[in-house]
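The values are calculated or read from the model by the stated rules, or taken from the named source; none is laboratory data. Please read these numbers as outputs of a predicted model, since none were measured by experiment. Note that we place each Cβ from the backbone using ideal geometry, even for glycine, and neighbour counts take in every protein chain shown.
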């Protein structure tokens, strides 16, 4: 990232009033500093409060020195996959509620963006996962994910059966609603709802967390992020699953279908305001440390 | 149920070889005792080993004194909803692996069926749940369930938000994959995979078990089976859910849609072989009591 | 309870400044209304701000029309066992943090106590559990509990093995740190930390929640409160356990020792301020309903 | 380890008949191969079936080329701390039930011991943890552990409050029964009963798993094994905790007391029979992969 940054890409749902507020604050500020702003053509924008250029969605990161994601963690996940192509650094501004990934509070927007433009933010490099679906005849479908890659049953009342293989070695046959393969970053997202552990974000590990597993001892397992994970849907013809990367559907798996998850060659660089403390973020998001003094035991 | 029973309805996937084996065993035996056998027209049957009459699916329990479900618990759940119309008693024969509901082992088929025909089985009356979806304009869609009624997100990467109301009082707003409303009978099925408790089957309670809830303190709750449960999907237009009764899709709920769950007026009567012991069944199904002597603490 | 109530017993740690504040507020108020206040001789009290009589701990409820517990839920649990002898109603005033049982907020103390004296509070009758330890030779040790009765290992690194029996029928052999037998009232206390469900307080059920069980399928089970629960410690001579009722040690169990838990003949009557809503209390205590809108799935 | 190994140390409870059987098998066999056997003076031994030398407990590994632990995982944990002084390799023979650490089956004893003596076993180096209790005035108490280091409340009905610090940074304040700090090796022991994940044994991570935590979002966390973990008991005078290393009590912590956990400089080398497969061991120990085909969803 060249400093000072001259071109910013904005990502978000600009019709959300709280997002619009931050946009309205930033556009004139960035104009006054001579920083150009890019916005995807596909995103509806309300009455502009400052200048910006419209570019193609896929081209948004081609010229940008910095991506500013405004919204919730979902917005940042989307931006991360765009930014990954050139590893443009990402700043996440939340709409009032702290996110795990969008950790600039609305009142700190100007100061944090200025710091980012000057290259004074804390850099936080996070690995990306890559899901690849075998579609037969040498074809495959692939996608990146910062948080997690999920195999889930298609909406029916039935469980799916599938096998997990780690580096070519058979791990287990599972029955249930599916499985989450989460990065350390994603350990506090869907995997946490499935009983997975919190993982310090600098660790090179993956969490495999079965979703509502039929077998009660089918517990989350932590493996090396250098592993190649293969998930094979059972051969039963009625079995069908869906693969979801960071909340976006990648494709379907039919009975006998296979998906692999590996570390992607790309990474993402998050920018944090000064004094970033992951543990403080955890305490805040998980409501830790409240009122342990008064209880009935 | 009149004794001795003269007419049996068979329910199962007769093309499954293990089910076929039990059918082949039972047909000549029942013929020799002068017991008539009814089978749904809709079910494919392989080379018969004895006489039976084909009747319409919905009519299968109209004349029967006894329903014999052969297969897994899924087969018995299906049979239970048929049997509920006239509360015809149900005998569940498993295909080799003990089920929570199909507890006649293949080697005990003849003896258990004979005991059932003579009216010497243990009677075990179980309540049924009724799900009702409000479809607007006074219309509704309803279904019975022995195990559970599930609201689940339609296959997307997104969570659904919904409110729970108990007897008209607001309980909570949930975000996650959905919620299971289970009878005591169903507490060992899907609800158990969602962290719900095991409930003794004679208790008049329901379990509400959130599925992969976003909030970690959103835990299963046990309420009176006399309660009326209402579940309201959030108003967001993109929100869509699906309602599943005992594994069979009942219908969809759009944003703002409502579902109620109550005790049904109907009940189901399960027949058990002599010496039925629910706790022994639990121990067997949950692999309890194995090898606690040797561990590393 | 005769109305208007003329005699109140105070229970609490009066040396805690926040408790002292409520006492200082109440004593002159009650004196002005001609209500007599009793305090246990055993409790240290700081400079009094109004008149009260000192009585023996065990006699505290003999004359009182109303027991006012000031402090946390632990204080109310203690008061409940005193009050149970004559079923004197109990009002629980918390020290600033809402409890499951102490639900009068400090700012509402005067109004709530006045309402209680006039007999205008909501009555909420809760069952009590009784633990009984067999000590051999016909001797036994017994105690009441409002929340829970716990068998736990004595402080060593080793697990304990024990059997559970329900109404004389064998349930399971457990290995782990022990087991919590909780009333519906106690379902939100220790049992919840052990993975037990929340139970609506009006249900006649008990929760048996194993503590850190060795076997992953050894899950909480809900049984009828009319059941007699027996817990038998394994015969191994080195096995020793401790029985704790509502946080107070009742006694020890040696290898082969037995404990029974039943519903006690006594009950406890909690008084609630008007508009008491158990579900609202749950939402407040469990931080439900916060910020489900913003997440990274 | 010099090959062929000439001196073996035996560790186990030799009065256990199943252990005695393996001893009776091994002593003459080893004698016939000219291998000397050492047994601790402190261990009661029944009628010997072959020659062995008695040595001091602490000296048992000083001369040995190989330690053979016979019994359960607890026996191997004990042997591991002895063996760690000189990193003498360890072979674990179980008494009939496969352990996570004792993976030589009784029928394979001779073949596995012969392979170990010849240096043909699979070597599996595992890190050790070191717990250190600050006792004031510069004094400290320390111990090694292969599986886990546990801070637990002393037997009372009360919870303990404590803080966790990772590399000098504050993580959280916990209330509950205590906390397990487990190595990857220990992730399948006590930590698993506390809701911790399974961790592949080659990963350089620790699991911090709170024991029956009061706060439901107080979930297990995975951190780097290079971290220094500090646990500080709250200052309240009545608070007292106990520190347990691999099931053996190390000492007590009073209110305000501190414990640190780090990777120890020593390691342990486990020997496995050929074809060792950790995932197969997991499947066997956790009863995975049984009967997922038949269920009631």
Scan the range D:269-284 and tell me whether some residue there is closer than 24 Å to residue D:83 by Cα and surrounded by 22 or more Cβ atoms within 10 Å (Cβ to Cβ).
yes
query: Does residue C:216 qualify as being closer than 25 Å to residue B:180 by Cβ, touching a helix residue (DSSP H, G or I) at 6+ places or on another chain (Cβ under 8 Å) and without any contact (Cβ under 8 Å) to a residue 12 or more places away in the chain?
result: yes
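Kindly check whether there is at least one residue in the range D:78-85 that is out of contact with any helix residue (DSSP H, G or I) (no Cβ under 6 Å at 6 or more places or on another chain), at pLDDT below 90 and either more than 10 Å from every other protein chain (Cβ to nearest Cβ) or surrounded by fewer than 24 Cβ atoms within 10 Å (Cβ to Cβ) (or both).
So far as the range D:78-85 goes, yes, one or more of its residues are out of contact with any helix residue (DSSP H, G or I) (no Cβ under 6 Å at 6 or more places or on another chain), at pLDDT below 90 and either more than 10 Å from every other protein chain (Cβ to nearest Cβ) or surrounded by fewer than 24 Cβ atoms within 10 Å (Cβ to Cβ) (or both).
Output the strands (runs of 3 or more DSSP E) that fall wholly within the range A:201-297 and possess 1 or more residues being over 22 Å from the mean Cα position of the chain (by Cα), or say none. Give the derivation first.
Numbers: elements: A:205-211, A:221-224, A:229-233, A:240-245, A:248-254, A:258-272.
By residue number, A:229-233, A:240-245, A:248-254, A:258-272.
With respect to residue C:99, is the statement that it is at pLDDT below 95 and not in a strand (DSSP E or B) true? Walk me through it before giving the result.
On the way: at pLDDT below 95: yes; not in a strand (DSSP E or B): yes.
Yes; evaluated as a whole, the condition is true for this residue.
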Report task. Looking only at the range C:104-126, decide whether some residue is modelled with pLDDT of 95 or more, within 14 Å of chain D (Cβ to nearest Cβ) and at negative phi. Result -> no
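Out of all the residues in the range B:137-158, which are assigned to a loop (DSSP other than H, G, I, E, B) and buried (at least 24 other Cβ atoms within 10 Å of the Cβ)? Talk me through it step by step, then tell me what you get.
Going residue by residue through the range B:137-158, those that are assigned to a loop (DSSP other than H, G, I, E, B) are B:137-138, B:146-147, B:154-158.
Matches in the range B:137-158: B:146, B:147.
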* Asked: Does residue C:171 meet the test of being assigned to a strand (DSSP E or B), within 9 Å of another protein chain (Cβ to nearest Cβ) and more than 15 Å from the chain's Cα centre (by Cα)?
  -> yes
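Using the structure shown, decide if residue D:242 is closer than 25 Å to residue D:93 by Cβ and more than 13 Å from chain B (Cβ to nearest Cβ). Lay out the reasoning, then the answer.
Values: closer than 25 Å to residue D:93 by Cβ: no; more than 13 Å from chain B (Cβ to nearest Cβ): yes.
Considered against the rule, which asks whether it is closer than 25 Å to residue D:93 by Cβ and more than 13 Å from chain B (Cβ to nearest Cβ), residue D:242 comes out as no.
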- Message: Please verify whether residue D:192 is at the interface with chain A (Cβ under 10 Å from one of its Cβ atoms), out of contact with any helix residue (DSSP H, G or I) (no Cβ under 7 Å at 6 or more places or on another chain) and not in a loop (DSSP other than H, G, I, E, B), treating the condition exactly as stated.
- Response: yes
By residue number, the members of the range D:90-121 that are out of contact with any helix residue (DSSP H, G or I) (no Cβ under 9 Å at 6 or more places or on another chain) and touching a residue at least 40 places away in the same chain (Cβ under 8 Å) are D:108, D:111, D:112, D:115, D:116, D:118, D:119
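Could you pull out the residue among C:231, C:221, C:198 that is farther than 24 Å from residue B:226 by Cα and either more than 13 Å from chain D (Cβ to nearest Cβ) or touching a strand residue (DSSP E or B) at 6+ places or on another chain (Cβ under 6 Å) (or both)? Walk me through it before giving the result.
Numbers: C:221 fails: farther than 24 Å from residue B:226 by Cα; C:198 fails: farther than 24 Å from residue B:226 by Cα.
Result: C:231 is the single residue among C:231, C:221, C:198 that is farther than 24 Å from residue B:226 by Cα and either more than 13 Å from chain D (Cβ to nearest Cβ) or touching a strand residue (DSSP E or B) at 6+ places or on another chain (Cβ under 6 Å) (or both).
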Of the candidates C:180, C:199, the one satisfying the condition of being buried (at least 24 other Cβ atoms within 10 Å of the Cβ), touching a helix residue (DSSP H, G or I) at 6+ places or on another chain (Cβ under 8 Å) and within 24 Å of residue C:135 (Cβ to Cβ) is C:180
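Restricting the search to the range C:176-189, which residues are part of a helix (DSSP H, G or I) and within 11 Å of chain B (Cβ to nearest Cβ)? Walk me through it before giving the result.
Going residue by residue through the range C:176-189, those that are part of a helix (DSSP H, G or I) are C:185-188.
Once the filter is applied, which keeps residues that are part of a helix (DSSP H, G or I) and within 11 Å of chain B (Cβ to nearest Cβ), the range C:176-189 yields C:187, C:188.
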Counting only residues that are within 7 Å of chain D (Cβ to nearest Cβ) and surrounded by fewer than 24 Cβ atoms within 10 Å (Cβ to Cβ), the range A:203-214 contains a total of 2
Those residues of the range D:37-62 which are under 17 Å from residue D:83 (Cβ atoms) and more than 22 Å from the chain's Cα centre (by Cα) amount to D:37, D:55
